[in-house]
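Below: one structure, written as structure tokens.
The values are calculated or read from the model by the stated rules, or taken from the named source; none is laboratory data. Remember, predicted model here, so these are calculated numbers, not experimental data. Don't worry about glycine lacking a Cβ; one is built from the backbone with ideal geometry, like all the others, and counts go over all protein chains shown. For accessibility, only protein heavy atoms count, side chains too; no ligands or nucleic acids. Shrake-Rupley method; radii C 1.70, N 1.55, O 1.52, S 1.80 Å.
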Amino acid sequence: MNIEPISEKSKQGCGIVGMTIFGSIFLFTGLAFLWMTALKPLVRTNSSSDWVEAPCTITFSEVDVNNDGDGTTYRPKVEFKYVVEGKNHESDAFDFTSLNRSKKRCREIVEANPIGLQTSCFYDPEKHDDAVIERNYDFSWFACLFPMVFVLVGLGIILGPIFFKGSKSNAISGSAKAHLAGPKSGLAMSSLTADNSTLSPPSHPGDIEDKMRDEPQKLKPSQKRLTNFLVTLGVAIFWNGIVSAIIYGIATEGIGGGLEVLPFLFMIPFALVGLVLAGSVFYTLAAVFNPTVELALSSGAIGRGESVDVAWQLSGRTSSVKSLKVTIEGEESATYRRGTDSITDKNIFCTIPIADVSDSQDIEFGSETVTIPVDTMHTFAANRNKISWKIVVHGVIPFWPDIKENYEFRVKP
Amino acid sequence: MITIELDKSEAIFSPAETISGTVSWSEAEGTSMEARLIWYTVGKGDQDFELIAVHKVAAFDSSGSERFEFIAPSRPQSFSGKLISLQWAIEAIIFPDKSAQRAEFAISKTDREVVLGSSPEPESAN
């Protein structure tokens, strides 16, 4: 029975294409809304500067109430007639905005323009049927922010995988696609029909990286505290900026009418997420001022069954650290796609305790020798699956964010 | 029909060891054939694989057999984890219709496949 060959499978390129298509739907929907609700009225307002003013009479003026499944919406319906070059014309465009407005704003417009009122309108000298009473742009936060959320979400979906892929540049093992894109000489080294005299094991980028790291090393934490703080700050400002603008919009304009309770209730979960993010900003800021941990290894690439010397040194407010735990962790991680989401599951398969100290001198400086098990897996990183090794430093600081730093190192085959 | 037979009865190889065997086929329709040394992942994560080496059958006919020989690379070695496993295989493919057969084996420095989570935790030397 024949099987489907794995080496002929196409790689996950379609994932990025799929994400781009999905993100484009958000992006173009947002841009279309932005054009219709904000940009088009603005463009028309600017291009109407040469429109001609003419006397007109209001013939109909009412607040148009529309009740449908999505709630009640309000729109000012003002009709008027005017004369251009002896010919009668009618228009029902109060201004260039086609958006629904708050009940209050609609009432103001209708009350200011009662039936029979003699006022003035502006008509297009090129197209006399095109006329409005109000040429000024009636700016609405909703008109800009609501479509912008779609635009930003779309951009995030499209650009996210590109940046994510870029961060995988240190992958040890590539895919068939990546390999075949390179020189072919490295692939067909064992072709007996071509040359059965050269059978050398294939060299691997991981071997070169192991060689480079196989010397005494000072390790840097995998994540920088300041970067953590700045990223959290950025996300919090973005999220809370949008949420507060929408809440402000509801409070001042309403979604379709007056001050309604339902939109506020709808916004509560979003506001709570915003509060958590604001709290995270303070938490990550406090962590910036934690004592710094310097970690040194006798080798940055350790063979299985080999021993390594691990030394740590804390500087800064070291007296605030009540206990310090240093461990080695081996972790397998698997990334898979569920719908449009990319999910990574992790499992720690090996934990090796190095130190668990509470004496202030031992916390400040210490060193231990530790052995990597023989029967374990070496460092491995493909596009979607990974085996990684790290030293985890956990310092407990009462009433303050703990020290939690990860330092990656390599385990050789 | 394609069959792959490895010379070694135990399906486990050490790095740098020769992986040799015979690929046989009969009543095959196609124009060419390849025996490939590959690894691939199985498990929760989306599948990764890598094509390491290719042995092209010189004179392909509807029936026949051919010896192949590869050198086992030093990495990645086979393992079986809670989330993912890594498997090595010889994959024989007839082109252009891509009918194929696979013979699986492990590459390991020790004489058995690494099972993650079973590693002993050594005491730290004080």
I need the phi-derived Karplus couplings for the range A:34-45: 6.51 cos²θ - 1.76 cosθ + 1.60, θ = phi - 60°, integer Hz, Gly and Pro marked x.
4, 5, 5, 8, 10, 6, 4, x, 5, 5, 5, 4
Mean other chain Cβ within 10 Å across B:64-74 is 4
Report Rg (one decimal) and Dmax (nearest whole number) for the protein assembly as shown, counting Cα atoms only, units Å.
34.2, 105
Highest mean packing first, using Cβ neighbours within 10 angstrom, the peptides A:153-159, A:265-271 sort as A:153-159, A:265-271
Log entry: pair-distance distribution for the range B:2-108, C-alpha pairs binned every 5 Å from zero, whole % per bin is 2, 13, 23, 22, 17, 13, 7, 2, 0
Give A:Lys218/A:Lys412; A:Lys220/B:Lys82; A:Lys77/A:Lys103; A:Lys218/A:Lys346 a once-over and call out the pairs whose C-alpha atoms are over 21 Å from each other.
A:Lys220/B:Lys82; A:Lys218/A:Lys346
Rank A:Phe266, B:Ala100, A:Tyr336 by how far each Cα sits towards the positive end of the charge dipole of the protein assembly as shown (+1 on Lys, Arg Cβ; -1 on Asp, Glu Cβ) and give me just the farthest.
A:Phe266
Tell me, what ³J(HN,Hα) does each residue in the range B:18-24 have, in order and in whole Hz, if you take phi through Karplus 6.51 cos²θ - 1.76 cosθ + 1.60 with θ = phi - 60° and put x for Gly and Pro?
7, 9, 10, x, 10, 10, 10
On the principal axes of its Cα set, how long, how wide and how thick is the range A:292-412? Give whole Å, largest value first.
48, 36, 18
Of the residues A:Thr72, A:Ile133, B:Ala11, the Cα lying farthest along the dipole of the protein assembly as shown towards its positive end, which is defined by charges on the beta carbon of Lys, Arg, Asp and Glu, belongs to A:Ile133
In terms of the charge dipole of the protein assembly as shown, which places +1 on Lys and Arg and -1 on Asp and Glu at the beta carbon, the residue among A:Ile403, A:Thr20, B:Phe68 farthest towards the positive end is A:Ile403
What are the aspartates and glutamates whose alpha-carbon lies under 20 Å from the alpha-carbon of A:Lys325, with same-chain residues fewer than 8 places away excluded?
A:Glu294, A:Asp309, A:Asp356, A:Asp359, A:Asp362, A:Glu364, A:Glu368, A:Asp402, A:Glu405, A:Glu408, B:Glu121, B:Glu123
How far, in nm, would the chain grow between A:Ala311 and A:Val276 when pulled straight, counting 0.36 nm per residue and subtracting the alpha carbon separation?
9.0 nm
Which of A:Arg44, A:Arg225, A:Arg75 is most accessible, then next, and so on - probe 1.4 Å
A:Arg75, A:Arg44, A:Arg225
Using only the alpha carbon atoms of the range A:52-134, find the Kirkwood hydrodynamic radius as the inverse mean reciprocal pair distance, in angstroms to one decimal.
13.3 Å
Only four residue types carry charge here, +1 at the Cβ of Lys and Arg and -1 at the Cβ of Asp and Glu. Report the dipole size of the range B:2-108 about the Cα centre in Debye, rounded to the nearest 20.
400 debye
Dipole magnitude of the protein assembly as shown, debye to nearest 20 (Cβ charges: Lys/Arg +1, Asp/Glu -1, about Cα centre):
720 debye
